[in-house]
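Everything on this sheet refers to the single structure shown next.
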Amino acid sequence: MSDADILRERRRRVESAWSATGIDGPVLIPASVPIPIDGTDQFHEFHAHPEFQYLTGVAEPGAALAWEPDAGWTLFAPTLTIEDLVWMSAPPSAAELGAATGVSNSLDRSELSGWLESQRGRDLALLGSRDIESRASEYGVDAWSTLEAVVDEDATERLGRALAELRRAKDALELDRMTRAVDAAVAGHLAAWHVARHGLSERALQIEMEAEFFRQGGARTAYGSIVGSGPNSAILHGTPGERIMSDGELVLIDAGAEIEGYASDVTRTFPVSAQFTGIQRDLYNVVLAAQEEAIASAGPGVEYKSLHLAASATIARGLVDAGVLIGSPDHLVAADAHALFFPHGLGHMLGLSTHDCGGYLEGRVPEDRFGLAYLRADLPLAPGYVVTIEPGIYFVPALLTDPARRERYREMVNWELVDGLLDFGGIRIEDDVRITEDGCEVMSAALPKAAGEIEAIRREALGAAHG
Ligand code: GLY
């Protein structure tokens, strides 16, 4: 099956899901237009709206896709003026976009105004980027308001939800792109492991890793790479800076490449020297056990939240064993005491977005509870879903020195021990996991995670650096 055939099939599934809603109005899905950078005549890196990219397989700024139950799909391809072409590369023609996307009715964008005029009097569902409402001229359309387009918010919401549900299970084209993105991520992490050493900055590590992402076909990073050494490894979304890493510390790297719009998202934590210290190893193995148990349990029909709660219990038990928490693991999880050290969810859906759509089943909402507030997915897993599984243990000074939390968890935490670990940092282990018919496949399995395996690679890398 060609890519265009897969895209046609994808759109057929969407049409049938949309038809089943009973909504028969037209739908417009703008791709988005680039956002200017103040003080320059350039633009921020362009990210197509994922709904447009899902439906077309391409990320063309200023393009738009339309759907009508009778007429089907129409693609409006962007055109640039001669003046624009002095500064920017030419976009693909309507015919080229038609061939790439499999949308046979692929027109020049100058036809979009006429299409909108022809919908006058009908309610329009507006998916994709809503920047067209304020920046219509950049889609080649006279001011949006003069068209008297009436956006039906209810239809927009219902069709958007139907689309998000379909986007949960990845098709062959998506899995091919995701596999390449994950492979590039694995290569980048390994490149970082081979250069990391005492005296190097976080920034230098980021550069080596991201260079490998690009060498492996990455178009960009899937999100801002997170590289934290020493205490910085406890900053969940820490930006790599000039901090110099030292022997005895941990380094946490959470980073992935993006290929053809698809994200990878992988985390490993490793020692700057070739060896985890005693407490580092103990806590590392707790996180690893929580992660491996979750992966072993993941499969069709399994509730993602139950995986999160089981991982929370394993972390609570490990922290009790390490002398950090006091009490029964079940009681500690019920009281959210584990969340002092694991203050995020087990992971999220992955796809065109790093936190991909559809994480919450309809009718479910994030719970306003310390131990569950940052859970990004609450649904039964099904074949084709790709999720991250990424438990962690951190010593976050802001949380652990908060008087209210210290009072609330006075009896459940060994505060004296914790106060001595405030500069420990954190440990997170994250893989990208595809749910299969009978379990799951770890897409990032090529990146080792057993403490001994990591130490062997680090020993070799440091030996090579010194030899
Ligand atoms: N890995 C970054 C995030 O999940 O937010």
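Karplus-derived 3J(HN,Hα) values for region 101-109, using 6.51 cos²θ - 1.76 cosθ + 1.60 with θ = phi - 60°, are 9, x, 8, 6, 8, 10, 10, 5, 4 Hz; glycine and proline are entered as x.
Each part gets one Cα centre, and for region 344-408 versus region 23-102 those centres are 33 Å apart.
Among the GluC sites (Glu not before Pro) found in region 83-170, those both in a DSSP coil and sparsely packed, with 15 or fewer other Cβ atoms within 10 Å of their Cβ, are Glu148.
Ratio to report: Rg/Rh of the chain, with Cα atoms as the point set and Rh obtained by the Kirkwood method; give two decimals.
On the way: Rg = 24.5 Å, Rh = 24.0 Å.
Using Cα coordinates only, the ratio equals 1.02.
Under a model in which nothing but the beta-carbon of Lys, Arg (+1) and Asp, Glu (-1) is charged, the chain shows a dipole of about 960 debye around its Cα centre. Fewest neighbouring Cβ atoms within 10 Å first, the residues Leu190, Leu85, Leu127 line up as Leu85, Leu190, Leu127.
For the chain, the longest principal axis of the alpha carbon atoms and the long axis of helix 3-20 meet at an angle near 80°.
Between the beta carbons of Trp87 and Glu117, assuming R0 = 25 Å, the FRET efficiency works out to 0.20 to the nearest 0.05. Placing a label point 7 Å from the Cα of Asn285 along the Cα-to-Cβ line, the residues of region 316-339 whose backbone N sits under 17 Å from it are 316-324. Proximity of backbone amide H atoms, modeled 1.01 Å from N, is registered between Gly72 and no other residue at under 5 Å, excluding neighbours fewer than 5 places apart on the same chain.
Among rounded, prolate and oblate, which fits region 67-178 when a ≥ b ≥ c are the square roots of the eigenvalues of its C-alpha gyration tensor, a/c under 1.5 means rounded, and a/b larger than b/c means prolate? If you can, show how the numbers build up before the last one.
Details: a/c = 1.74, a/b = 1.05, b/c = 1.66.
Since a/c reaches 1.5 but b/c is at least a/b, the shape of region 67-178 is classed as oblate.
Pairs of Cα atoms nearer than 8 Å and 6+ residues apart set the relative contact order; for the chain it is 14 percent.
Compared with the dominant principal axis of the Cα atoms in the chain, helix 304-321 is inclined by about 20°.
Please state the shape class of region 422-467: rounded when a/c is under 1.5, otherwise prolate if a/b exceeds b/c and oblate if not, all from the C-alpha gyration tensor. Don't skip to the end; give the middle numbers.
Details: a/c = 3.96, a/b = 1.69, b/c = 2.35.
The shape class here is oblate.
At a Förster distance of 60 Å, what's the computed FRET efficiency of Ile235 paired with Glu437, Cβ-Cβ distance as r, to 0.05? Working shown, then result.
Details: r = 39 Å, r/R0 = 0.65.
Here the calculated transfer efficiency is 0.95.
The long axis of helix 202-215 is offset from the longest Cα principal axis of the chain by roughly 40 degrees.
Extent along the principal axes, Cα only, for region 1-52: 48, 31, 12 Å, with the longest axis given first.
Can you quote the Å³ per residue value for the convex hull of the Cα atoms in region 285-415, rounded to an integer?
Values: hull volume 14.1 nm³, N = 131.
Each residue corresponds to 108 Å³ of Cα convex hull volume.
In terms of other Cβ atoms within 10 Å, Met209, Met412 run from fewest to most in the order Met412, Met209.
We did not get these values from a lab; they are worked out from the coordinates using the rules stated. Being a predicted model, the structure only gives us computed values, none of them experimental. Note that we place each Cβ from the backbone using ideal geometry, even for glycine, and neighbour counts take in every protein chain shown.
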